[in-house]
Structure formats: structure tokens, C-alpha cells
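Undergrad: Before I ask anything, let me first share the structure, which is written out below as C-alpha cells.
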């Protein structure tokens, strides 16, 4: 299951690399159809940016550590997932500073001043989904 989620994440990343995250044709069509005002494909990418590391951290901590499955176990999974997302957001910020281009151009904010915070929220939702999916998967194993 972890490999399947990682494969889907790779497909999302490759799609984002081909079209860029702010100009995905499918999400452009959805944006036009539902009058959304922006392309939300980057939110899908950030959801998987939380989901995939959470599932991998769950399995690593479950099978390679002596931690009990209590609140701290789940807290560590969320910390790993959110930490990876934070590094990505800080790298985006660094690219803005180093390149000298306007922030909106480099970050693809699409008129959303809260884009970074929304991206982190999607990663948090993805990490919570990852814990839930992992618990269901563990039950079936």
C-alpha cells in the first residue's frame, strides 16, 4: 500500500513537472467550470506531500522502533510529515530570495496571500489521512 501511494505521488509530481502546478489543464477546466478563480492542482500535490511521508513514517516507526502506538507515536508521524512540507516551503522561499524574481512569480501564489499556509494545511490533512489509511491497512495485514 505504501508503494502504491508513493507511485500515485510520483504521478502527481510528474504531472506537476510537465504542466507546472498552477497551469494543470484538468484543474484549469475545473476552475473555469466551477468559477474557482485559480488552479488548485498544487493543493493536491501538497496533500500527497503530507500523505506519503506519513504512511512511510508510520510503517518505519511501527516495524523498526520500539514505540508503543500511543499519542506520541502519532505525533511523531505528523512531525515528520509536516517537517518535510516545511522544508519544501522554505526551499520555495529561498528560491524567491536567490532568484530575485517577484514572490508571486516564483511561488505561483495565484493571488492567494495565504498560499503557504494553505499548502501546509493540506500537508497536515494528508498526514492525518495517512495515519487513518495506515491503521486500516494494518488491520487488514
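Undergrad: Starting from residues that are within 12 Å of residue 59 (Cα to Cα) and surrounded by fewer than 17 Cβ atoms within 10 Å (Cβ to Cβ), keep the ones in segment 111-140 and report whichever is modelled with the lowest pLDDT.
TA: 138
Undergrad: It is to be established whether one or more residues within segment 99-111 are more than 18 Å from residue 12 (Cα to Cα), assigned to a loop (DSSP other than H, G, I, E, B) and within 19 Å of the chain's Cα centre (by Cα).
TA: yes
Undergrad: Take segment 3-51 and flag every residue that is farther than 18 Å from residue 121 by Cβ, outside any helix (DSSP H, G or I) and free of Cβ contacts under 8 Å to residues at least 12 places away in the same chain.
TA: Of everything in segment 3-51, just one residue is farther than 18 Å from residue 121 by Cβ, outside any helix (DSSP H, G or I) and free of Cβ contacts under 8 Å to residues at least 12 places away in the same chain, namely 35.
The values are calculated or read from the model by the stated rules, or taken from the named source; none is laboratory data. Quick caveat, the model's predicted, so the values are computed rather than measured. Heads up, the Cβs are rebuilt from the backbone with ideal geometry, glycines too, and the neighbour counts pull from every protein chain shown.
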